[in-house]
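The values are calculated or read from the model by the stated rules, or taken from the named source; none is laboratory data. All values derive from a computational prediction rather than experimental measurement. No Cβ is skipped: glycine too gets one built from the backbone with ideal geometry, and neighbour counts run over all protein chains shown. Note: areas computed on protein heavy atoms with side chains; ligands, DNA, RNA excluded. Shrake-Rupley method; radii C 1.70, N 1.55, O 1.52, S 1.80 Å.
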Amino acid sequence: MPYVTSGQRIETKRELRGLISRLLQKRVGEVPENAEVSIKALSCSQLRSLIEAILDFTSIDDLHNW
């Protein structure tokens, strides 16, 4: 497994959060700030899982239940 610097990890998380934000906006509309704060605290693997879960979301409640 290649070595990943902390800078690369931060950039990856930033890109994943950006993708999640765009997907959620298209899927469920406006995302509450408290949800965005919770998303910021997720690890890279959790962010990737959330991206996959968003494909099945139909409302913001799905995000809260996830």
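Cβ-Cβ under 9 Å, sequence separation 6+ or interchain: first residue in segment 39-66 and open to solvent by 30 Å² or more (accessible area, probe 1.4 Å), partner assigned to a helix (DSSP H, G or I) and among the acidic types (Asp, Glu). Which pairs?
Between residues of segment 39-66 that are open to solvent by 30 Å² or more (accessible area, probe 1.4 Å) and residues that are assigned to a helix (DSSP H, G or I) and among the acidic types (Asp, Glu), the close pairs are Asp56/Asp62.
Can you name the number of the only condition in (1) surrounded by 11 or more Cβ atoms within 10 Å (Cβ to Cβ); (2) within 10 Å of the chain's Cα centre (by Cα); (3) at pLDDT 95 or above that Glu36 fails?
(3)
All but one of (1) farther than 21 Å from Thr58 by Cβ; (2) open to solvent by 90 Å² or more (accessible area, probe 1.4 Å); (3) part of a loop (DSSP other than H, G, I, E, B); (4) not hydroxyl-bearing (Ser, Thr, Tyr) hold for Glu30; state the number of the condition that does not hold.
With respect to (1) farther than 21 Å from Thr58 by Cβ; (2) open to solvent by 90 Å² or more (accessible area, probe 1.4 Å); (3) part of a loop (DSSP other than H, G, I, E, B); (4) not hydroxyl-bearing (Ser, Thr, Tyr), Glu30 is out only on (1).
Please work out if Gly18 is at pLDDT below 90 and open to solvent by less than 50 Å² (accessible area, probe 1.4 Å). Write out each step before concluding.
Numbers: at pLDDT below 90: no; open to solvent by less than 50 Å² (accessible area, probe 1.4 Å): yes.
Judged against the criteria, Gly18 is not a match.
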